[in-house]
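Here is the structure we will look at.
The values are calculated or read from the model by the stated rules, or taken from the named source; none is laboratory data. Just so it is clear, the structure is predicted and the values come from calculations on it, not from any experiment. Neighbour counts are summed over all protein chains in view; Cβ atoms, including those assigned to glycine, are modelled from backbone coordinates with ideal geometry. Side chains are part of the model used for accessible areas, which takes the heavy atoms of the whole protein and leaves out ligands, DNA and RNA. Shrake-Rupley method; radii C 1.70, N 1.55, O 1.52, S 1.80 Å.
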Amino acid sequence: TFTPTITSGITSVGYSTQSGYYTRIGNLVLFNLRVVTSSGNAQSSTFAVGNLPFNSAATQQPGGAAIRAYASSFSGSASQAFIGPASNSISFFTLSGTAFAGTSITDHDGFDLRITGIYRA
């Protein structure tokens, strides 16, 4: 298990749920996480969830991916999750590639986020 945290896009975060589960097979890490907030202040920085169990490989081929399985309060559904090289966090971007800001979450102090993903460690 691991404890996911919101690392960017929302500050002063309070949580009612923080749960993460992973399986590592060789250098592949498969994970599921859930974060439910109880308080927080939206920021214009890129929304990111961190504290994944391992850092991703420094040079990923083809890279890490995360699928947002469910997210309440995200304005629109046009965001995608990405795990960059040498990182232990998931950053969110719009489909056009620009940052998905914490201010794009309509209820930043009470939303439910569930993610499934895979990456190389």
*Taking N as the number of residues in the chain, what is its Cα Rg relative to 2.2 N^0.38 Å?*
0.99
*Pull out the extension gain between Ser12 and Ser38, defined as 0.36 nm times the separation in residues minus the alpha carbon to alpha carbon distance; nm, one decimal.*
8.3 nm
_Treating only the Cβ of Lys, Arg, Asp and Glu as charged (+1, +1, -1, -1), what charge dipole size does the chain show about its Cα centre? Round to the nearest 20 debye._
340 debye
*Extension gain (nm, one decimal) between Thr5 and Thr98, 0.36 nm per residue minus Cα-Cα*: 31.3 nm
_What does the charge count around Tyr21 come to, taking other residues whose C-beta lies under 14 Å from its C-beta (Lys +1, Arg +1, Asp -1, Glu -1)?_
+3
*Relative to the present Cα-Cα distance, how much length would full extension add between Thr23 and Ser72 at 0.36 nm per residue of separation?*
15.0 nm
*the chain, accessible surface, carbon-and-sulfur percent (1.4 angstrom probe)*: 50 percent
